[in-house]
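Here's the structure we're looking at; comments come further down.
Only the coordinates and a few stated rules stand behind these numbers; no lab work does. Because the structure is a prediction, the values reported are computed rather than measured. Here the Cβ positions follow ideal geometry from the backbone for every residue, glycine too, while neighbour counts run over all protein chains shown.
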Amino acid sequence: MLKRSSPYLSRLLICVLLAIATGSSGSRANAGGCPTDADPIATDRPDVTNSSLVVPTGSLQAENGVDWTVHHGSDALEATNTRLRLGIAHCTEFVLDIPRYVEAFNGPEASGFSNVVVSFKRQLPVPLGFDLSATAGLGFPSGSPKIEGRGYQPYVQFPWSHPLVENWQVVGMFTVTWFPNDPVRNPTFEPTLSLEREFGSHGDVFMEYAAEYDHRRPSQLLDGGGAWRLTKRQQLDFHVGFGLNRSTVDHYFGIGYSFRLDGLFGGVGTQP
């Protein structure tokens, strides 16, 4: 059954890539809600759910973090979780996930590097107060097979958000990842749902549920955390979470720092 469905999944990925590529040439009128460098930094950290907003055109955003994870009695340090996001056109960004190193100090877990992942993200025009983006990317087999598995790993992803009442919003994301060389994991579905509360113009906190479904027992977790914007272009954050079953991590804690440089394509101001 997986072999029969694989061509359809590949076609879906190609369609999303084409939609993002062709959409980047669309007019501002069709996506007037996309951020500009006058807006504060909005990151994919620290929750699992990524931002439904793209970075402004001509801006480079670096999101960095360090995590301490306990899984089946094995302690591991992950550093650094670095994502680079570059606004290459209006409502469109290029995303590069730099390999992180996982050092397991005890227990059965492996040590090694993660994969390089290259993606494109396009913010879409949608009605009824929603923000929605479509992302398509590819993980390259550059890391340790014990950490990431073998072969190329394409994915598509749809993060969204919607305001509820003043200072509250609900956000979520749906991701499909393909593992052609691992039938047990191919494909993997990851839904998330999060409730966020803003505190003024600088801070926010969240509580989130995330899960992974493949051909094994599902992995499910709850996490929470918050972020504080030091300036319009700088952010400190933290998160803490725990697994809801034995298929997931026991618990983890992480901290991060992100910044944005604007005006790289001839605009104004590049200071954080």
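List of remarks:
- Gaussian network model of the chain, springs between alpha carbon atoms under 10 Å - residue of 73, 200, 137 with greatest fluctuation: 200
- J(HN,Hα) series, segment 202-209, from Karplus relation 6.51 cos²θ - 1.76 cosθ + 1.60, nearest Hz, glycine and proline x: 10, x, 7, 10, 8, 9, 9, 10
- Projecting the Cα atoms of 184, 86, 42 onto the dipole axis of the chain, where Lys and Arg carry +1 and Asp and Glu carry -1 at the beta carbon, places 184 farthest toward the positive end.
- Charging the Cβ of each Asp and Glu at -1 and of each Lys and Arg at +1, and nothing else, the dipole of the chain about its Cα centre rounds to 880 debye.
- Under 12 Å from the residue 217 label point (7 Å along Cα→beta-carbon), backbone N, segment 75-117: none
- Residues 233, 185 arranged by fewest to most Cβ contacts within 10 Å: 185, 233
- A viscosity of 0.692 mPa s and a temperature of 37 °C, combined with the Kirkwood radius over Cα pairs in Stokes-Einstein, give a translational diffusion coefficient for segment 35-110 of 235 µm²/s.
- Highest mobility in the GNM of the chain, judged by mean-square fluctuation with C-alpha springs under 10 Å and restricted to 258, 219, 51, is found for 219.
- Modelled label positions at residue 207 and residue 195, each set 7 Å beyond Cα in the direction of Cβ, lie 0.5 nm from each other.
- About the centre of its Cα atoms, segment 147-206 shows a dipole size close to 260 debye [charges on the beta carbon of Lys, Arg (+1) and Asp, Glu (-1) only; nearest 20 debye].
- Taking the chain as a Gaussian network of alpha-carbon nodes connected by springs under 10 Å, the highest mean-square fluctuation of the residues 133, 142, 59 belongs to 142.
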